[in-house]
1. In segment 81-115, which residues are within 13 Å of the chain's Cα centre (by Cα), open to solvent by 10 Å² or more (accessible area, probe 1.4 Å) and among the aliphatic types (A, V, I, L, M)?
2. So, in segment 62-80, how many residues would count as being in contact with a Gly (Cβ under 8 Å, 6 or more places away or on another chain) and open to solvent by 60 Å² or more (accessible area, probe 1.4 Å)?
3. Counting only residues that are over 25 Å from residue 114 (Cα atoms) and charged (D, E, K, R), how many does segment 11-60 have?
Amino acid sequence: QVQLVESGGGLVQAGGSLRLSCAASGIIFSLNDMGWYRQAPGKQRELVARITSGGNTNYADSVKGRFTISRDNAKNTVSLQMDSLKPEDTAVYYCNARMFSHNNWGQGTQVTVSS
């Protein structure tokens, strides 16, 4: 049974930082590309950051220079360090594991940035 469990969300003031973590089980973690997506009310889910099984990263333009994704294959975890947060970063953040065309999702964690 695949499980992706996110943690670290919460309420923070603009300019602050949060660190999200996702613990994975039931998958061969090292073979999966891992990503963070977010969905704000009334908007489509969008990719925030992704790190491939080989360690390559890519980011949405809106978060480049502010967010950093990392993975620890020994601990089966992927993290998202979010700095200089803005109110427009407010959303539910979802962890994603992808291998070939198969996707698994976490339940999401709320991030709220107050102005």
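The values are calculated or read from the model by the stated rules, or taken from the named source; none is laboratory data. All of these numbers come straight from a predicted model, not from anything done at the bench. Methodologically, a virtual Cβ is constructed for each residue, glycine included, from the backbone with ideal geometry; neighbour enumeration extends over all protein chains shown. We work out accessible area using only protein heavy atoms, side chains counted, and drop any ligands, DNA or RNA first. Shrake-Rupley method; radii C 1.70, N 1.55, O 1.52, S 1.80 Å.
1. Within segment 81-115, 92 is the sole residue that qualifies.
2. 0
3. Within segment 11-60, residues that are over 25 Å from residue 114 (Cα atoms) and charged (D, E, K, R) number 2.
Rundown of residues vs (1) out of contact with any strand residue (DSSP E or B) (no Cβ under 8 Å at 6 or more places or on another chain); (2) farther than 16 Å from residue 44 by Cα; (3) not hydroxyl-bearing (Ser, Thr, Tyr), yes/no style:
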| residue | (1), (2), (3) |
| --- | --- |
| 70 | no, yes, no |
| 90 | no, no, no |
| 94 | no, no, no |
| 98 | no, yes, yes |
| 114 | no, yes, no |
